[in-house]
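What follows is one structure encoded as structure tokens, with my remarks underneath.
The values are calculated or read from the model by the stated rules, or taken from the named source; none is laboratory data. This is a predicted model, so every value here is computed, not measured. Cβ sites come from the backbone with ideal geometry, for glycine too, and all protein chains shown count toward neighbours.
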């Protein structure tokens, strides 16, 4: 039995995030804030701030923060990466990170780190796994009710969690699911052969 690197994008993001947190803890919490936190004081002319616009998804406060995100990502991500391909998965993560980061800079204006937006993108995207053109999967409706509505409710409570980032990630996942379903709908199952097929006429 050989070990296979079955989901390059998801596994690389997971391992890189764990390594970044290890280095941060060795350096006494001074590493993550350098590149892996999106600061509210974003400068359009700063190349470092544009790097943070993407790299913040790999920065986490502590192991509890990282494990809570990647327990979902490692459970859902490899299946979706196998379905859509590594390049598409990389682009979906990149677009979600940028959309969530821009929303945070323009609207929320608070520090942002972690892959929770990616988690919500994958959760919503996973509900489209078996979608066919012209159909609305009930799993999508249930996921929206359970996760997105909950985030809207939690957004009314004062805390340090960016629920808007979660909602933005979920919206991205829903859009990716709808677009992929329109581009490559599942084929209808073949019709069962009729009873008189295959019989030789006399």
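Considering every residue within segment 183-192, establish whether at least one is at pLDDT below 70, assigned to a helix (DSSP H, G or I) and either out of contact with any helix residue (DSSP H, G or I) (no Cβ under 8 Å at 6 or more places or on another chain) or surrounded by fewer than 14 Cβ atoms within 10 Å (Cβ to Cβ) (or both). Break it down into steps so the answer makes sense when it comes.
First, pick out the residues of segment 183-192 that are at pLDDT below 70: 183-192.
Subset that is assigned to a helix (DSSP H, G or I): 183.
Checking which are either out of contact with any helix residue (DSSP H, G or I) (no Cβ under 8 Å at 6 or more places or on another chain) or surrounded by fewer than 14 Cβ atoms within 10 Å (Cβ to Cβ) (or both) leaves us with 183.
Yes, some residue in segment 183-192 is at pLDDT below 70, assigned to a helix (DSSP H, G or I) and either out of contact with any helix residue (DSSP H, G or I) (no Cβ under 8 Å at 6 or more places or on another chain) or surrounded by fewer than 14 Cβ atoms within 10 Å (Cβ to Cβ) (or both).
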### Lone unmet requirement of (1) within 30 Å of residue 129 (Cα to Cα); (2) assigned to a helix (DSSP H, G or I) for residue 23
(1)
### Query
Among (1) without any contact (Cβ under 8 Å) to a residue 40 or more places away in the chain; (2) more than 20 Å from the chain's Cα centre (by Cα), where does residue 55 come up short?
(2)
### Message
For residue 91, only one of the following conditions fails: (1) in a helix (DSSP H, G or I); (2) modelled with pLDDT of 70 or more; (3) surrounded by 15 or more Cβ atoms within 10 Å (Cβ to Cβ). What is its number?
### Response
(3)
### Query
Here are some residues: 57, 48. Which one is surrounded by fewer than 19 Cβ atoms within 10 Å (Cβ to Cβ), in a helix (DSSP H, G or I) and in contact with a helix residue (DSSP H, G or I) (Cβ under 8 Å, 6 or more places away or on another chain)?
48
### Query
Can we say residue 76 is surrounded by 14 or more Cβ atoms within 10 Å (Cβ to Cβ) and within 12 Å of residue 122 (Cα to Cα)?
yes
### Query
Are any residues in segment 77-87 in contact with a helix residue (DSSP H, G or I) (Cβ under 8 Å, 6 or more places away or on another chain) and over 11 Å from residue 118 (Cα atoms), and if so, which ones?
78, 79, 80, 81, 84, 86
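Would you mind stating whether residue 98 is within 12 Å of residue 114 (Cβ to Cβ) and either modelled with pLDDT under 95 or surrounded by 15 or more Cβ atoms within 10 Å (Cβ to Cβ) (or both)? Break it down into steps so the answer makes sense when it comes.
Working: within 12 Å of residue 114 (Cβ to Cβ): no; either modelled with pLDDT under 95 or surrounded by 15 or more Cβ atoms within 10 Å (Cβ to Cβ) (or both): yes.
No; evaluated as a whole, the condition is false for this residue.
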### Task
Go through (1) modelled with pLDDT of 75 or more; (2) outside any loop (DSSP other than H, G, I, E, B) one by one and return the number of the condition residue 114 breaks.
(2)
